[in-house]
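The values are calculated or read from the model by the stated rules, or taken from the named source; none is laboratory data. Note that the coordinates shown come from a computational prediction; the quantities given were computed from them, not determined experimentally. Here the Cβ positions follow ideal geometry from the backbone for every residue, glycine too, while neighbour counts run over all protein chains shown.
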Amino acid sequence: MSPTSFRIPSGAVISRWLLVVVAIAAILWQTQLGLGDLSTSSGWLLLASFLFLGLYGARKKVPFLPLGRVSSWLSLHIGTGLIAVALFFVHTGGRWPSGGFETTLWFGFILLAASGIVGWGLQRLTPSFLHSGDPLFSEEQIPREIAIILQESDQLLTETSPLGSSEVLSHFYRDRLRPWLSAPREQWAHLIDSGRPRLRLASDFSEMKRYIDLEAREPFDELEALASGKLELDRQHAWHRLSHGWLLVHLPLTGVLLVTIFVHVLVVRSHTEGAL
Amino acid sequence: MSPVEIERPRRWDQPFGDRPLSDEWVEKALQQPSMNCIVPEAFPARLPLADLMRHDARLIEAREGNLIVRQGDYGDSVFVLCTGRLLVVVDPEGELGYRHKQDSRKLSWLGAIAQLWRNSSFAEKRSIADPISETGSLTKDGGDSRISLDDRKEFIGRGLPADIQAGEMVGEIAALRRSARTATLVAAEDCQLVEIRWQGIRDLMRFTPDLKHRIEELFRSRGRAHLIEQSPIFSDVPEKLLTAAVKASRFEIHGNEAWNKGLRKWMGDDEGTVSAREETVIEAGDLLDGVRVIVSGFAARITIAAGPAQQTLGYTRPGDLFGLDEIIDSAANGTPALARTSLRAIGTLDLMVIPTDNFLTQIAPYLDEKKLDEQRISRTWSGNLSQGMLDFLVDQRTINGTSAMLIDLDRCTGCDDCVKACAVTHDNNPRFLRRGYRHAHLLVANACMHCVDPVCLVGCPTGAIHRTRTTGVVVIDDLTCIGCGVCVEACPYDSIRTVEIRDQGGNLVVDAKTGAPIVKATKCDLCLGQPAGPACQNACPHDALNRIDFGNPRSLVDWISG
Ligand code: SF4
Ligand code: SF4
Ligand code: SF4
């Protein structure tokens, strides 16, 4: 398993971004030369970039419109995000926030940027781990697949079935295997690629083997196959969670921050107008 | 919710024409010299000849100058000319200006955006109102092709057209080879034609071996010449010389028409097993008696012996030449022309062998070296693909795809934005699953690839699954589909599913007689009609999903290494 490819942007892409950075720097420099307020101009630029960052989510909602591929929009989103971080430090002058509102805004932004950067890294790191098994399941499919496995294994353990009539095995199933089968387990072990869950499962089944007579051998093997299918589901579930979990921070925070920034702009505007 | 009962759809619920062909025209068509070998007694009681003609054929009345079919368009019907005369025009470069392509009707931006709230909240909703009155005829995506040609006199003057006389049959190439029309047909005078769709022709041939023989003979005598004449590689060869070379040539058929049968079972076998099932047309080291032109067939594998196995170097497409360099070098050096590589047929392969002398004197001096080089490069590609990947793509017959959905698993984060995009453009019913067969980090998803040779079309009893006339995209006409599942079985790529349908209110639709759910076949339609084309490809944030045309393998190499 190799870590996912980090694609290096082409020379043309890098030079286009450099141009944007130079243009922004020129605007800010001009403002300073003209004795304008750097914090105001950087603030407006920051607001513009924030609105543009928000457009990415809207673009994703309309994949049927000829507005360029979402992958190109993601590149723009990441580039603009990095520029927004730089603008943020220019805007705040690198100062520690004061007051509750400013602190919320400050930490909200930092958290949002950090979650974006973490997300970006995770999305490049996780694919080869996520896809090392077969078949592939989407995050939404996994609970349904787990339910199917549980149902099929329950059917192998009915009272009248060859497996269900063995006391020892029924106990093992009821107390140990079934609870494990019923939901994703050992998520951390899968993320560190630990072989422990597989070993434990193998040892459980080999311990049980001696209590199985010839007639029950086939359903016993079926049960083991179901359990090992569940193991793969657990593994994929863990990687899905890691791969997409950061969005649970990034998306709500975007909404909150948009509202907060809006309020911030209104407050600053009313202060400026008041002072004038 | 309670199930809604309807009568299970059957083959002839929807005739080919706006109405069934009249008895008078059924009789007239069957009297034509090209059809008079058909006898009603040969047909079984469940498939009477008259019913077949009534429902699988339709009448076309064309005025002088009307276009009947346009070169490059897709269609799998055959025409029987009952009165009048047709001109057959072959114009590979489209110089005569009649080869304009019509875009299928696309949604406006507003219409597309409205999908966001118009989409159904339950799966597979259908209108179960009277289907016939809703659809009209099967050609609804193609519309009426009887467009008038004003400059007809101009190309008659250029001496290009051949004639089709009353009583003859035409259109057999596209029907037999599931390929695009190889020539344009224009009414030279007012004409009456009976057009028979593939489903009818298939059954007519099945119960009338004489007709099958006649149609194949037609294909042999004129079809292949058309296919050669339209190949861009020969576009600079003077017409007369090309015709003379074609006349002197030999035609060969190799491979297996039913190549898809059993393919699923042995997909994934090792390379030895797979290539052993392919017919060796030429073995490396064989003495070549001429240049082979690939006339039709979705691909042939080019290999070279590597130890005990055959190493795949690339594959051919129709119009490609095989053995060209060997023949030219041998003429220059005075040595025998021995094949440097082997050629193996995948599916059916039609070849034309232009004898060495004819090739060297009549064709070679006019070939454009640049075009030949392009072909050499694109057909034997090493690029950044591993040998294993190339073997995989050829073994799995993925190279049949003109729009294969490939997912790079090293980039895919499993976000399913592609599936969601497909759902949003299809009334909340995704038309593919992010599953398929894989090699290393490449997943070939079970989404319709819109094949060069769409074998799914062959057995459909109603013609519901068909290629759109202008774009060649393989689509299923939902109202004509009877849910028999023949296409599902025939597609070797698991790209078609049958789904249980619901009415507008979300009630399951069931057969009034048996109570069994009514099902319909569904698959990817390449987002036909959406303003931006394949939504899945547009939606992927990581450029992990791409639709690849294996006629242009460079695009795959560039994307994989991009
Ligand atoms: S349904 Fe299957 S055979 Fe038909 S075009 Fe699509 S992939 Fe090819
Ligand atoms: S091209 Fe359109 S219909 Fe086909 S899989 Fe992609 S989104 Fe679905
Ligand atoms: S949209 Fe792209 S990254 Fe997401 S699941 Fe589909 S192919 Fe993978």
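B:LEU443 passes all but one of (1) in a helix (DSSP H, G or I); (2) within 16 Å of ligand 1 (Cβ to nearest atom); (3) facing chain A (nearest Cβ under 9 Å); which number fails?
The failed condition is (1).
Hey, which of the strands (runs of 3 or more DSSP E) in segment B:325-428, taking only ones fully inside, have at least 2 residues that are more than 16 Å from ligand 2 (Cβ to nearest atom), modelled with pLDDT under 95 and under 28 Å from B:PHE298 (Cβ atoms)? Give the steps one after another, and end with the answer.
Details: elements: B:342-346, B:348-355, B:404-408.
Ranges flagged: B:342-346, B:348-355.
Any idea which of B:ASP478, B:ASP410, B:ASP427 is in contact with a His (Cβ under 8 Å, 6 or more places away or on another chain) and either among the basic types (Lys, Arg) or surrounded by fewer than 21 Cβ atoms within 10 Å (Cβ to Cβ) (or both)?
Matching residue, one of B:ASP478, B:ASP410, B:ASP427: B:ASP410.
Among the residues of segment B:18-45, how many are touching a Cys at 6+ places or on another chain (Cβ under 8 Å) and of a type in the set (Ser, Thr, Tyr)?
So the answer is 0.
For A:ARG235, state whether it is within 23 Å of A:HIS77 (Cβ to Cβ), in contact (Cβ under 8 Å) with a residue 40 or more places away in the chain, of a type in the set (D, E, K, R) and assigned to a helix (DSSP H, G or I).
Spelling it out, it is not the case that A:ARG235 is within 23 Å of A:HIS77 (Cβ to Cβ), in contact (Cβ under 8 Å) with a residue 40 or more places away in the chain, of a type in the set (D, E, K, R) and assigned to a helix (DSSP H, G or I).
Which one of these is surrounded by fewer than 19 Cβ atoms within 10 Å (Cβ to Cβ) and hydrophobic (A, V, I, L, M, F, W, C): A:ALA216, A:ALA202, A:ALA238?
Values: A:ALA216 fails: surrounded by fewer than 19 Cβ atoms within 10 Å (Cβ to Cβ); A:ALA238 fails: surrounded by fewer than 19 Cβ atoms within 10 Å (Cβ to Cβ).
The conditions single out A:ALA202.
Could you tell me whether any residue of segment B:433-440 is modelled with pLDDT under 95 and either buried (at least 21 other Cβ atoms within 10 Å of the Cβ) or within 10 Å of ligand 3 (Cβ to nearest atom) (or both)?
Of all residues in segment B:433-440, those modelled with pLDDT under 95 come to B:433-440.
From what's left, either buried (at least 21 other Cβ atoms within 10 Å of the Cβ) or within 10 Å of ligand 3 (Cβ to nearest atom) (or both): B:434, B:436.
Yes, segment B:433-440 contains at least one residue that is modelled with pLDDT under 95 and either buried (at least 21 other Cβ atoms within 10 Å of the Cβ) or within 10 Å of ligand 3 (Cβ to nearest atom) (or both).
Among A:ALA238, A:ALA216, which is the only one that is among the hydrophobic types (A, V, I, L, M, F, W, C), more than 25 Å from A:ALA58 (Cβ to Cβ) and within 24 Å of the chain's Cα centre (by Cα)?
Step by step, each of A:ALA238, A:ALA216 is checked, and only A:ALA238 is among the hydrophobic types (A, V, I, L, M, F, W, C), more than 25 Å from A:ALA58 (Cβ to Cβ) and within 24 Å of the chain's Cα centre (by Cα).
Among the residues of segment A:248-257, are any outside the structural domain of A:GLN155 (by TED's automatic domain parsing), touching a Phe, Trp or Tyr at 6+ places or on another chain (Cβ under 7 Å) and more than 30 Å from A:LEU169 (Cβ to Cβ)?
yes
Quick one: in segment B:292-319, of everything that is touching a residue at least 60 places away in the same chain (Cβ under 8 Å) and assigned to a loop (DSSP other than H, G, I, E, B), which residue is farthest from B:GLU229 (Cα to Cα)?
Of segment B:292-319, the ones touching a residue at least 60 places away in the same chain (Cβ under 8 Å) are B:292-293, B:295-299, B:301-302, B:311-319.
So of that shortlist, the ones also assigned to a loop (DSSP other than H, G, I, E, B) come out as B:297-298, B:317-319.
On the way: B:GLY297: 16, B:PHE298: 18, B:ARG317: 16, B:PRO318: 12, B:GLY319: 10 Å.
The selected residue is B:PHE298.
Show me the strands (runs of 3 or more DSSP E) found entirely inside segment B:495-537 where at least 1 residues are under 24 Å from A:VAL62 (Cβ atoms) and within 16 Å of ligand 2 (Cβ to nearest atom). Working first, answer last.
On the way: elements: B:497-500, B:509-511, B:519-522.
The qualifying strands (runs of 3 or more DSSP E) are B:519-522.
Go over the candidates B:LEU351, B:LEU360 one by one and state the one that is closer than 18 Å to B:ILE228 by Cβ and touching an Asp or Glu at 6+ places or on another chain (Cβ under 6 Å). I'd like the intermediate steps shown before the answer.
Numbers: B:LEU360 fails: touching an Asp or Glu at 6+ places or on another chain (Cβ under 6 Å).
That would be B:LEU351, the only listed residue that is closer than 18 Å to B:ILE228 by Cβ and touching an Asp or Glu at 6+ places or on another chain (Cβ under 6 Å).
For every residue, the table says whether it meets (1) loosely packed, with under 15 Cβ neighbours inside 10 Å; (2) part of a helix (DSSP H, G or I); (3) away from chain B (no Cβ under 12 Å).
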| position | (1), (2), (3) |
| --- | --- |
| A:THR103 | yes, yes, yes |
| A:TRP106 | no, yes, yes |
| A:ALA113 | no, yes, yes |
| A:GLY119 | no, yes, no |
| A:GLN123 | no, yes, no |
| A:PRO135 | yes, no, no |
| A:PRO143 | yes, yes, yes |
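Go over the candidates B:THR425, B:THR480, B:THR468, B:THR462 one by one and state the one that is touching a helix residue (DSSP H, G or I) at 6+ places or on another chain (Cβ under 6 Å), of a type in the set (Ser, Thr, Tyr) and over 23 Å from B:ALA112 (Cα atoms). So that I can check it myself, show each step before the final result.
Details: B:THR425 fails: over 23 Å from B:ALA112 (Cα atoms); B:THR480 fails: touching a helix residue (DSSP H, G or I) at 6+ places or on another chain (Cβ under 6 Å); B:THR468 fails: over 23 Å from B:ALA112 (Cα atoms).
Sole residue among the options that is touching a helix residue (DSSP H, G or I) at 6+ places or on another chain (Cβ under 6 Å), of a type in the set (Ser, Thr, Tyr) and over 23 Å from B:ALA112 (Cα atoms): B:THR462.
Being in the same structural domain as A:GLU232 (by TED's automatic domain parsing) and at pLDDT 95 or above is the requirement here; does A:PRO162 meet it? Walk me through it before giving the result.
On the way: in the same structural domain as A:GLU232 (by TED's automatic domain parsing): yes; at pLDDT 95 or above: no.
So A:PRO162 fails the test.
Would you confirm, using the coordinates I've provided, whether A:SER75 is in a helix (DSSP H, G or I), surrounded by 11 or more Cβ atoms within 10 Å (Cβ to Cβ) and more than 14 Å from chain B (Cβ to nearest Cβ)?
Numbers: in a helix (DSSP H, G or I): yes; surrounded by 11 or more Cβ atoms within 10 Å (Cβ to Cβ): yes; more than 14 Å from chain B (Cβ to nearest Cβ): no.
Taking the combined requirement at face value, the residue does not satisfy it.
Counting only residues that are without any contact (Cβ under 8 Å) to a residue 60 or more places away in the chain and more than 16 Å from ligand 3 (Cβ to nearest atom), which one in segment A:70-85 is farthest from A:ILE27 (Cα to Cα)?
Going residue by residue through segment A:70-85, those that are without any contact (Cβ under 8 Å) to a residue 60 or more places away in the chain are A:70-74, A:76-78, A:80-82, A:84-85.
Applying the additional criterion that residues be more than 16 Å from ligand 3 (Cβ to nearest atom) yields A:76, A:80-82, A:84-85.
Details: A:LEU76: 20, A:THR80: 16, A:GLY81: 18, A:LEU82: 17, A:ALA84: 15, A:VAL85: 17 Å.
Taking the candidates together, the pick is A:LEU76.
Does at least one position in segment A:52-72 carry a residue that is within 14 Å of another protein chain (Cβ to nearest Cβ) and among the β-branched types (Val, Ile, Thr)?
Yes; the residues of segment A:52-72 include at least one that is within 14 Å of another protein chain (Cβ to nearest Cβ) and among the β-branched types (Val, Ile, Thr).
Yes/no per residue for (1) on the phi < 0 side of the Ramachandran plot; (2) within 16 Å of ligand 3 (Cβ to nearest atom); (3) of a type outside the set (Val, Ile, Thr); (4) more than 14 Å from chain A (Cβ to nearest Cβ):
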residue: B:CYS491; (1), (2), (3), (4): yes, no, yes, yes
residue: B:ILE501; (1), (2), (3), (4): yes, no, no, yes
residue: B:PRO517; (1), (2), (3), (4): yes, no, yes, yes
residue: B:CYS527; (1), (2), (3), (4): no, yes, yes, no
residue: B:ALA532; (1), (2), (3), (4): yes, yes, yes, no
residue: B:ASN538; (1), (2), (3), (4): yes, yes, yes, no
residue: B:PRO541; (1), (2), (3), (4): yes, yes, yes, no
residue: B:ILE548; (1), (2), (3), (4): yes, yes, no, yes
residue: B:PRO553; (1), (2), (3), (4): yes, no, yes, yes
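Which of the residues spanning segment B:395-419 are facing chain A (nearest Cβ under 8 Å) and among the charged types (D, E, K, R)?
So in segment B:395-419, the residues facing chain A (nearest Cβ under 8 Å) come out as B:409-417, B:419.
Across segment B:395-419, the qualifying residues are B:ASP410, B:ARG411, B:ASP416, B:ASP417.
Take the conditions outside any helix (DSSP H, G or I), in the same structural domain as B:THR425 (by TED's automatic domain parsing) and in contact with a Leu (Cβ under 6 Å, 6 or more places away or on another chain) and apply them to B:ASN552. Does it pass? Talk me through it step by step, then tell me what you get.
Details: outside any helix (DSSP H, G or I): yes; in the same structural domain as B:THR425 (by TED's automatic domain parsing): yes; in contact with a Leu (Cβ under 6 Å, 6 or more places away or on another chain): no.
Here the answer is no, as B:ASN552 does not meet what is asked.
Considering only residues that are of a type outside the set (Lys, Arg), within 25 Å of the chain's Cα centre (by Cα) and either under 13 Å from B:ILE399 (Cβ atoms) or at pLDDT below 95 (or both), which ones fall in segment B:533-562?
B:GLY533, B:ILE548, B:ASP549, B:PHE550, B:GLY551, B:ASN552, B:PRO553, B:SER555, B:LEU556, B:VAL557
Under the condition of being away from ligand 1 (no atom under 15 Å from the Cβ) and surrounded by fewer than 22 Cβ atoms within 10 Å (Cβ to Cβ), which residue from segment B:521-531 is nearest to the chain's Cα centre (by Cα)? Spell out how you get there, then give the answer.
At the first step, the residues of segment B:521-531 found to be away from ligand 1 (no atom under 15 Å from the Cβ) are B:529-531.
Now drop any that are not surrounded by fewer than 22 Cβ atoms within 10 Å (Cβ to Cβ), which leaves B:529, B:531.
Details: B:GLY529: 20, B:PRO531: 24 Å.
Among those that are away from ligand 1 (no atom under 15 Å from the Cβ) and surrounded by fewer than 22 Cβ atoms within 10 Å (Cβ to Cβ), it is B:GLY529.
Kindly state which strands (runs of 3 or more DSSP E) lie completely within segment B:44-93 and contain at least 2 residues that are modelled with pLDDT under 90 and aliphatic (A, V, I, L, M).
Numbers: elements: B:57-62, B:67-69, B:78-83, B:85-89.
Answer list for segment B:44-93: B:67-69, B:85-89.
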